[in-house]
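What follows is a single structure, written as structure tokens, with notes after it.
The values are calculated or read from the model by the stated rules, or taken from the named source; none is laboratory data. Fair warning: this is a prediction, and the values are worked out from it, not measured in the lab. Here Cβ is always computed from backbone atoms with ideal geometry, including for glycine, and neighbour counts include all displayed protein chains. Keep in mind that these areas ignore ligands, DNA and RNA; they rest on the heavy atoms of the full protein, side chains included. Shrake-Rupley method; radii C 1.70, N 1.55, O 1.52, S 1.80 Å.
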Amino acid sequence: GDVALQIQNNALTTNETTSIKFTNSTDSSLVFGQIQSSRIDGSNGKLSLSTRQSGSLGTVMTLDNAGYVGIGTTTPAGLLNVASTLPYVYLTDTNGATDNKHWFMENNAGVLSLGTTSDALGVSNTRALTITNSGNVGIGTTTPDALLKVNGTGTGDLFSVDRDGGVN
């Protein structure tokens, strides 16, 4: 097909890179962002997206030759690998009411939590479900000390089981 833009590097060595760099007009050596293609071996490569953080250029996302996407890692181990010192993933319903449209998932030292947050996306202790690295599950608690711990307040039922439409 027709090629609108092609950037070519004729080098045949492993780890050879070709980049598109985003700079300003007064100092072209100051790179604010970069899209880079790296040659892994004779027939494989990967793409990386980098941005300037705290004064230096750092890779924020990688797409490798297996189709794996890494956010916060240059070596993704699966289809989507999110890596950070305290990784969060947000799911946002843009039609949701004020302070009622965001859910988050976090991994904090091997403890997986799901919860809600305000429109400011400030993660609080509003965790609906917690799973510890030992397999304990907490509903309404962030520190389950049993295989299943349910914690709640108020006057309604704390726990119920329905079978065939009837309450047991």
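For Leu112, the conditions (1) without any contact (Cβ under 8 Å) to a residue 12 or more places away in the chain; (2) under 24 Å from Arg127 (Cβ atoms) all hold with the exception of (1). Is it fair to say Asn107 is within 21 Å of the chain's Cα centre (by Cα), under 22 Å from Ala83 (Cβ atoms), at pLDDT 90 or above and in a loop (DSSP other than H, G, I, E, B)? So Asn107 does not fit the description; no.
I'd like the full set of residues that are of a type in the set (Phe, Trp, Tyr) and either within 20 Å of Pro87 (Cα to Cα) or modelled with pLDDT under 90 (or both), limited to region 23-74. Answer for region 23-74, where residues must be of a type in the set (Phe, Trp, Tyr) and either within 20 Å of Pro87 (Cα to Cα) or modelled with pLDDT under 90 (or both): just Tyr68.
Test Gly67 against the criterion of being on the phi > 0 side of the Ramachandran plot, of a type outside the set (D, E, K, R), part of a loop (DSSP other than H, G, I, E, B) and open to solvent by less than 60 Å² (accessible area, probe 1.4 Å), and give yes or no.
yes
Spot the failing condition for Gly135; the list is (1) at positive phi; (2) in contact with a Lys or Arg (Cβ under 8 Å, 6 or more places away or on another chain), and only one is missed. Looking at each condition in turn, Gly135 falls short on (2).
Of the residues Ser29, Ser19, the single one that is in contact with a Ser or Thr (Cβ under 8 Å, 6 or more places away or on another chain) and part of a loop (DSSP other than H, G, I, E, B) is Ser29.
When region 76-107 is examined, which residues are found to be surrounded by 15 or more Cβ atoms within 10 Å (Cβ to Cβ) and within 25 Å of Val137 (Cβ to Cβ)? It would help to see each step written out before you state the result.
Step one: list which residues in region 76-107 are surrounded by 15 or more Cβ atoms within 10 Å (Cβ to Cβ), which gives 76, 81-82, 88, 101-107.
Matches in region 76-107: Asn81, Val82, Tyr88, His102, Trp103, Phe104, Met105, Glu106, Asn107.
Residues in region 37-79 that are among the polar types (S, T, N, Q) and closer than 21 Å to Thr14 by Cα: Ser37, Ser38, Ser43, Asn44, Ser48, Ser50, Thr59, Thr62, Asn65, Thr73, Thr74, Thr75. Scanning region 34-62 for residues that are among the hydrophobic types (A, V, I, L, M, F, W, C) and more than 14 Å from the chain's Cα centre (by Cα) turns up Ile35, Ile40, Leu47, Leu49, Leu57.
Just one of Thr98, Thr130, Thr85, Thr116 is among the polar types (S, T, N, Q), in a loop (DSSP other than H, G, I, E, B) and either at pLDDT 90 or above or closer than 25 Å to Val150 by Cα (or both); which is it? Spell out how you get there, then give the answer.
Working: Thr98 fails: either at pLDDT 90 or above or closer than 25 Å to Val150 by Cα (or both); Thr130 fails: in a loop (DSSP other than H, G, I, E, B); Thr116 fails: in a loop (DSSP other than H, G, I, E, B).
Exactly one residue qualifies, and that residue is Thr85.
What number of residues within region 1-31 are surrounded by fewer than 10 Cβ atoms within 10 Å (Cβ to Cβ) and charged (D, E, K, R)? Here the count works out to 2. In region 133-152, the residue that is least open to solvent (accessible area, probe 1.4 Å) out of those that are touching a residue at least 12 places away in the same chain (Cβ under 8 Å) and among the polar types (S, T, N, Q) is Asn136.
Here's the yes/no breakdown for (1) acidic (Asp, Glu); (2) closer than 27 Å to Gly152 by Cα; (3) surrounded by 13 or more Cβ atoms within 10 Å (Cβ to Cβ); (4) touching a Leu at 6+ places or on another chain (Cβ under 6 Å):
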residue	(1), (2), (3), (4)
Leu47	no, no, yes, yes
Ser50	no, no, yes, yes
Thr74	no, no, yes, no
Thr116	no, yes, yes, no
Ile131	no, yes, yes, yes
